[in-house]
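Bear in mind these aren't lab numbers, they're just calculated from the coordinates by the rules spelled out. Keep in mind the model is a prediction, meaning the values are calculated, not measured. Cβ coordinates were reconstructed from backbone atoms using ideal geometry, including for glycine residues, and neighbour counts include every protein chain displayed.
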Amino acid sequence: MELVVILLCSLSGALVGTAIGILLMLRKIRQPTMEAELATLKVKLRTTEASLAANIADLDNLRRQLGERDLAIQWNEEALREKQQHLDVAVAERAATEQRARELSVQAEALAEQRTQLEAKVKEEKDLSAEIVNQQVASYEAQLDFEKRQVHELTERVGRLTAEAAEIGDCC
């Protein structure tokens, strides 16, 4: 029985020693593989870090551009409000001008009635009134043409701003 125990102990010692030797050899063999994998992972990490830094820079650049566009939109909105106020004033002036033209028309009719009574005097005043009316109408027509051009330009600007706003809305 002692012999069996001795054999078993020897056999188990040899087996354990062999297993440990194999494990040590596998560890030495795996280390270069693990070092190669570690080097590959380090390269991937550096690449990922560089990509992340580039993406962060791009994000900062896009945020800056977005801020600039927001400022431009605010400025354009303010400019548009000012133009709208000018347009409203121009429309009010036009209405006043039309009212004035109607009043002048009524005055001309009244002068025509007085003509029978004061023909000589009325003729002079009629010529004078007609000249004033013609000058004012010419002035108002020139002003009206100018304001129509302004309205057209503003309409185009509003269209462009609307398109830009839609593009910005689509981008974001």
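Computed with the Debye formula from one identical point scatterer per Cα of the chain, without solvent, the log10 of I(q)/I(0) at q = 0.09, 0.11 Å⁻¹ comes to -0.72, -0.83. Pairing the Cα long axis of helix 119-171 with the longest principal axis of the chain, what angle in degrees results, from 0 to 90 and rounded to the nearest 10? Roughly 10 degrees, rounded to the nearest 10. Under 17 Å of direct C-alpha separation, and excluding same-chain neighbours fewer than eight residues apart, Lys148 reaches these aspartates and glutamates: Glu82, Asp88, Glu93, Glu98, Glu156. The range 72-87 and the range 127-172 have their alpha-carbon centroids 14 Å apart. Helices in the chain, meaning DSSP H runs of at least 4 residues, each add -39500 (n - 2.57). Divided by all residues, the mean residue ellipticity at 222 nm is -37000 deg cm²/dmol. With R₀ fixed at 22 Å, the C-beta to C-beta distance from Ala101 to Lys148 puts the FRET efficiency at about 0.80. Around the Cα centre of the range 2-171, unit charges on the Cβ atoms of Lys, Arg, Asp and Glu (plus for the first two, minus for the last two) sum to a dipole of about 1460 debye. For the pair Ser129 and Leu38, label points projected 7 Å from Cα toward Cβ lie 10.8 nm apart.
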